[in-house]
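The values are calculated or read from the model by the stated rules, or taken from the named source; none is laboratory data. Worth saying up front: this structure is predicted, and the values here are computed from it rather than measured. Positions of Cβ are backbone-derived with ideal geometry, glycine not excepted, and every protein chain shown enters the neighbour counts. Please note that ligands, DNA and RNA were not included when accessible areas were found on the heavy atoms of the full protein model with its side chains. Shrake-Rupley method; radii C 1.70, N 1.55, O 1.52, S 1.80 Å.
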Amino acid sequence: MRAVIIEKDEKILQQIQSILQKVDSGYELVGTAVNGQSGYELISALRPNLVIMDIELPRMNGMSMLKKLRAEAFDFKVVVLSGTENFQYAKQAIELSVDGYIMKPIRPLELKRALMQICEKMRNEYWLNASFTVENLLIGCMNGQYQPENKLNEITVRNYGFTVEDSCGMFILWFGEDFEKNKAEAVHLLKRSLQKENKFRVCILPLEVWQEIFVIVYQTAEFEMAEQYFQENIVPMLCSNLNGDVVCVWKRIDHMMDLWQYRTKIPLLRQWNLTLGRGVLISEKGIAGRELELLPLKYPAELELRARDCTLAGRKKELEKCFEELCEMLEGQFCFPETLKDCLIRFSLNIVNMYKIQWELGAEIQVLILILEIGQATSWKQIRRAIEELLNYFNFEKEDLQGNEAFSMMVRKAVEMAKKYYSEGITLEETASRLYVSEEYLSTQFKKETQSSFTETVRKFRIEKIKDLLLNSKLKLNQIAELTGYSDPKYMSRVFKEEVGMLPREFRKKCSKID
């Protein structure tokens, strides 16, 4: 810290110099003067950090000298020495923001204490100013760290010419999974393109935590001009030089300190990339201007029906083509992005539910997470990747169940329902309805896989239950008939004889273990 002493008394000057050296080794005495005019010229030339000055100086009063220097925006700490208790001097000293006011004769301890306080104050201000780089200030605003404060505004105005209450523009660059690959090149392109722009200032912030590059535009009143400049120059330049997803968003912010509130809303703007496509600067103004052009979306019911048939039949390649056809159809639709996503989610959920009827879905949570990713997607690349991973969970290979029989999930569920509800007289029509398939389709698949009709399978479960009750209980035939879904015991006996070769009473007498 560079210091200057202005004192007409040589003996006092040496005393101050001695005290200064003892206070802190960081102080460097760079000059002395014995009158106000020489002091003014010395300070103007050397620009010290600290001035220790007498008030009553020849050739220019000390207060006049200080007032002139302050008017010329010289910034330094100052300790004033006074030999008289003049109220006007003290009042002027306060108005000129002096850092110490000491009466003569000088008491070394008092001067030392004042200099030590100034030294500490200067260190604190140094680190405070060092921490208030434009980058740190803007990152703090994006984290919601700042509120309007006079001291903060003084520092930022003095150092950078703006406050956190000023307006700004925010340009956001998103690459999806290619952030790390494109980050360095994107920053280089932005710096090269924006360094000569003199109508506004920018700060480029590649932020790992959000996987986005933010360009904050400030110190301008022409934000519409800045938005147009980014649309016409920056966006085409980035899209032509970078591969993969390149999504650009613009947002005007009324107060820089509110950046954090708007940063969280960027994903809602960013999803318009699904509708507007590559090379467009997405902004609220731009969206509002296009909303009247947006069209309603007709749900692809016929395509879903084809996809459902492919799912039930286990034709995975054709199912994949159905999803790709859906993406191609939606990618060309000019409608709200939420509408596109709702269509994709509805289609996907319906196919997943159809798959669960016929097949085993062993990773249902992961599948639902992938469908959620579709709902949060910004690009068609993300959507296609989520659909691809979703279909990877579809396994159309049949599992071996119940001996050597290979049952699909649909048929297995139908068998389970027949076994559970045979006593209630469950029918093929009811079962098909519960499984969301046609009666004809279920009948065909059931016969194909089990080699029996659904009705024959229900009767088989009934006969097995009749046998169990005949052998392990003393229930009468009318009671057994009621428990197994027959309203007429005689009809039950006739069916039993057709299946077993003897009447129920004969079976009980021949095979019963109950005395």
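Could you tell me which GluC sites (Glu not before Pro) in region 172-238 are loop residues by DSSP with no more than 15 other beta carbons within 10 angstrom of their beta carbon?
Answer by residue number: 197, 222.
Between region 455-488 and region 266-328, how far is it from one alpha carbon centroid to the other, in angstrom?
If you average the Cα positions of each part, the centres end up 55 Å apart.
Using the per-residue mean of other Cβ atoms lying within 10 Å as a proxy for protection, in what order, highest first, do the peptides 465-474, 292-301 fall?
Output ranking for 465-474, 292-301: 465-474, 292-301.
List the GluC sites (Glu not before Pro) within region 47-96 that fall in a DSSP loop (any state other than H, G, I, E or B) and whose Cβ has at most 10 other Cβ atoms within 10 Å.
Passing sites in region 47-96 are 72, 85.
Ignoring everything but the protein chains, give the 1.4 Å probe accessible area of residue 511 in square angstrom, nearest 10.
Residue 511 has an accessible surface of roughly 50 Å² with all protein chains in place.
Could you give the size of the charge dipole of the chain about its Cα centre, using +1 on the Cβ of each K and R and -1 on the Cβ of each D and E, expressed in debye and rounded to the nearest 20?
I would put it at about 1480 debye.
When only Cα pairs under 8 Å and 6 or more residues apart are kept, what is the percent relative contact order across the chain?
8 percent
Toward the positive end of the charge dipole of region 142-297, about the Cα centre and with charges on Cβ (Lys, Arg +1; Asp, Glu -1), which of 189, 268, 143 goes farthest?
So the residue we want is 189.
How far, in degrees from 0 to 90, does helix 10-23 lean away from the longest principal axis of the Cα atoms of the chain, to the nearest 10?
Approximately 20 degrees, to the nearest ten.
Per DSSP helix of 4 or more residues, -39500 (n - 2.57); summed, then divided by the residues of the chain. What does that give at 222 nm, rounded to the nearest 500?
Helices in the chain give a 222 nm mean residue ellipticity of -17500 deg cm²/dmol.
Using Cα Rg over 2.2 N^0.38 Å as the read-out, say which of [x] 0.96; [y] 1.01; [z] 1.82 was calculated from these coordinates.
It is the value labelled [z].
Starting from the Cα of residue 430, step 7 Å along the direction of its Cβ; do the same at residue 74; then give the gap between the two resulting points in nm.
10.3 nm
Taking amide H positions as placed in the peptide plane 1.01 Å from N, state which residues far from residue 78 in sequence (5 or more) or on other chains have amide H under 5 Å from it.
Those lying under 5 Å, H to H, from residue 78 are 51, 99, 100.
Charges on Cβ only, +1 for Lys and Arg, -1 for Asp and Glu, centred on the Cα centroid of region 312-446; of 409, 368, 347, which one is farthest towards the dipole's positive end?
368
What full-extension length gain, to one decimal in nm, is calculated for residue 298 and residue 284 as 0.36 nm per residue of separation minus the Cα-Cα distance?
2.5 nm
Full-extension gain between residue 135 and residue 2, please, as 0.36 nm times their residue separation minus the C-alpha to C-alpha distance.
Stretched fully, the residue 135-residue 2 segment lengthens by 45.0 nm.
Hey, if you put +1 on the Cβ of every Lys and Arg and -1 on every Asp and Glu Cβ in the chain, which of 20, 231, 172 ends up farthest toward the positive end of that dipole?
172
Report the trypsin sites (Lys or Arg not before Pro) located in region 228-276 that are in a DSSP loop and have at most 14 other Cβ atoms inside 10 Å of their Cβ, or state none.
Passing sites in region 228-276 are 265.
Expressed in nm to one decimal, what extension gain is obtained for the pair residue 476 and residue 61 from 0.36 nm per residue of sequence separation less their Cα-Cα distance?
136.6 nm
So if I take the centroid of the Cα atoms in region 37-80 and the same for region 1-35, what is the distance between those two points in Å?
14 Å
Give the percent of DSSP beta bridges with both residues in the chain that are antiparallel, rounded to the nearest 5.
Beta bridges within the chain, antiparallel portion: roughly 50 percent.
Quick one: dipole size for region 186-344, taken about the Cα centre, charges +1 on Lys/Arg Cβ and -1 on Asp/Glu Cβ, in debye to the nearest 20.
The calculated dipole for region 186-344 is roughly 420 debye.
Give me the percent relative contact order of region 121-211, please, defined on Cα pairs under 8 angstrom at least 6 residues apart.
25 percent
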